[in-house]
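The values are calculated or read from the model by the stated rules, or taken from the named source; none is laboratory data. Predicted model only: the values in this text are computed from it and were never measured. Note that each Cβ is placed from the backbone with ideal geometry, even for glycine, and that neighbours are counted across all protein chains shown. Just so you know, the surface numbers come from the protein's heavy atoms only, side chains and all, with ligands and any DNA or RNA stripped out. Shrake-Rupley method; radii C 1.70, N 1.55, O 1.52, S 1.80 Å.
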Amino acid sequence: MEDKKLIFSAIQPTGTFTLGNYIGAVRNWIPLQDEYNCIYCIADMHAITVRQEPAKLRQNTLAAYALLMACGIDPKKSILFIQSHVNTHALLNWVLCCNTQFGELSRMTQFKDKSQKHPDDVNAGLFTYPSLMAADILAYNADFVPVGVDQKQHLELARNIAQRFNQRYGDFFTLPEPYIMEVGAKIMSLQDPTKKMSKSDENPNSCILILDDKDTIIRKFKRAVTDSEAEIVYREGKDGINNLMSIYSAVTGKDYPEIEKEFAGKGYGDFKLAVGEAVADNLAPIRTEFDKLISDKAYLKQCYTEGAQQAYRYSSRIVSKVYHKAGFVDIK
Ligand code: TYM
């Protein structure tokens, strides 16, 4: 790989990506490919911290891989692979787990949320999930990690784990920096704009999926919860409108004052329609490209096989050094 800074990020294959995943993360991964060495991963091992139907997980993992390509991740520019194909993540995870404190993991808000949501399956994987996420990043010694705001706490923990390892065993890991966009880092639910937009939401109207068709997208935006003020301005307390403005800003590139000017004197109905249309136009090419890619399984297989080989080659060098530093006997 060229001598450039390294980017790592990943996404779980738990169904079609949401507009939140797209605006908060994936969309920002595309231009980085020209400036950095980029490594992107489908985090299927993270997905099984919540019970999954195996056949469905396999299908969702392939679809997520094709979807990242349809969004513009180019396997010729970036390393694009499936996490379970590259065993170095699990190997590093063990050493990192032994350098992660129970108290640190207990403080993770996502663990608290998910264990409340699935009280019958609070498994050890769900608890140690941030350590595997640290392994994903540290196995490549990544410099930057482009994510949405909800992953910030996990990233801070990854830095703490790296720092602890460096103190105990001598400087080795790069401390990864979060790379979080100002606009769109947290897209909210269309039905409850105080909650993050999430694919696990029970109300399908709360969430735009990036493969939704134009009519569905417009219908969901029309039903978006706003307020009774009939004023399109970005202001504290206007959660619904603020969310729509940040989505509109992210897909059109217009800033908030421009948007306020464009819709001055107009009603929420007009604004919602404009947001819906802009989003649908933005996503339309992804759907077309996805349909093409998902029907070419042989090409997908070739891409994820090569991606896994490249990721393994890169990370196994780092993980071997970590094993040596940890005091394990070298095998060669
Ligand atoms: P995941 O699969 O939940 O989400 C993937 C990316 O989408 C971002 N995101 C959002 N951004 C803005 N608004 C939203 N409503 C929204 N919902 C999701 C997330 O912040 C994330 O960037 N643990 C990770 C996957 C992962 C990972 C990693 C990420 C595994 N290993 C190593 C970075 C580095 C996760 O569950 O993301």
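On a per residue basis, the stretch 204-291 carries 48 Å² of accessible surface, using protein heavy atoms and a 1.4 Å probe.
Within the accessible surface of the stretch 210-300, defined with a 1.4 Å probe on protein heavy atoms only, the carbon and sulfur portion equals 48 percent. Comparing mean-square fluctuations of Glu202, Glu231, Glu306 from a GNM of the chain with C-alpha springs under 10 Å, the top value falls on Glu202. When the pairs Lys196/Lys222; Lys152/Lys325; Lys199/Lys292 are compared against a 21 Å limit on Cα-Cα distance, Lys152/Lys325; Lys199/Lys292 fall above it. Note on Asp227/Gln153: beta-carbon distance plugged into 1/(1 + (r/R0)^6) with R0 of 41 Å gives a FRET efficiency of 0.85. Taking Lys and Arg as +1 and Asp and Glu as -1, the other residues whose beta-carbon sits under 13 Å from that of Gln310 total +3. With each label modelled as a point 7 angstrom along the Cα→C-beta vector, the Ala55-Asp3 pair spans 5.3 nm. Report, in whole Å, the centroid distance computed from the Cα atoms of the stretch 298-328 and the stretch 143-210. Between the Cα centres of the stretch 298-328 and the stretch 143-210 lies a distance of 24 Å. Where only DSSP H runs of four or more residues are counted, the chain gives -16500 deg cm²/dmol as its mean residue ellipticity at 222 nm, each run worth -39500 (n - 2.57). Distance from the Cα centroid of the stretch 224-248 to that of the stretch 12-44 is 27 Å (rounded to whole angstrom). For the chain, what is the relative contact order in percent, using Cα pairs closer than 8 Å and at least 6 residues apart in sequence? Once divided by the residue count of the chain, the mean separation gives 22 percent. Contact order, relative form, for the stretch 204-291: 39 percent (alpha carbon pairs under 8 Å, 6 or more residues apart, mean separation divided by residue count).
Computed over the chain with a Gaussian network model linking Cα atoms closer than 10 Å, the most mobile of Ala43, Ala142, Ala230 is Ala230.
Simple point charges give the picture: +1 on the Cβ of Lys and Arg, -1 on the Cβ of Asp and Glu, and for the chain a dipole about the Cα centre of about 920 debye.
Roughly what angle does helix 88-97 make with the longest principal axis of the chain, taking Cα atoms, 0 to 90 degrees, to the nearest 10? That helix lies at roughly 80 degrees to the long axis.
Computed 3J(HN,Hα) for the stretch 108-123, one whole-Hz value per residue from the Karplus formula 6.51 cos²θ - 1.76 cosθ + 1.60 where θ = phi - 60°, is 5, 5, 5, 5, 4, 4, 5, 6, 6, 6, 10, x, 8, 8, 8, 8, glycine and proline marked x. Compactness ratio for the stretch 204-291: Cα radius of gyration over 2.2 N^0.38 Å (N = residue count) comes to 1.08.
Taking a straight Cα-Cα cut-off under 20 Å and skipping sequence neighbours fewer than 8 places away in the same chain, the lysines within cross-link reach of Lys297 are Lys56, Lys76. Projecting the Cα atoms of Ile259, Gly240, Pro285 onto the charge dipole of the stretch 204-291 (Cβ charges, centred on the Cα centre) puts Gly240 farthest toward the positive pole. Using a cutoff of 8 angstrom between alpha carbon atoms and counting only pairs six or more residues apart, the relative contact order for the stretch 177-332 works out to 20 percent. Each residue of the stretch 43-55 was assigned a 3J(HN,Hα) from its phi angle through the Karplus curve 6.51 cos²θ - 1.76 cosθ + 1.60 (θ = phi - 60°); the sequence is 8, 6, 5, 5, 4, 7, 5, 10, 4, 10, 7, x, 4 Hz, with glycine and proline shown as x.
Of Thr61, Thr109, Thr49, which has the largest mean-square fluctuation in a 10 Å C-alpha GNM of the chain? The residue that fluctuates most here is Thr109. Which angle between 0 and 90 degrees, to the nearest 10, do you get for helix 152-169 versus the longest principal axis of the chain when only C-alpha atoms count? With rounding to tens, the tilt is 20 degrees.
The alpha-carbon of Lys220 sits under 18 angstrom from the alpha-carbons of these aspartates and glutamates, leaving out residues fewer than 8 places away in its chain: Asp192, Asp201, Glu202, Asp212, Asp239, Asp270, Glu277, Asp281.
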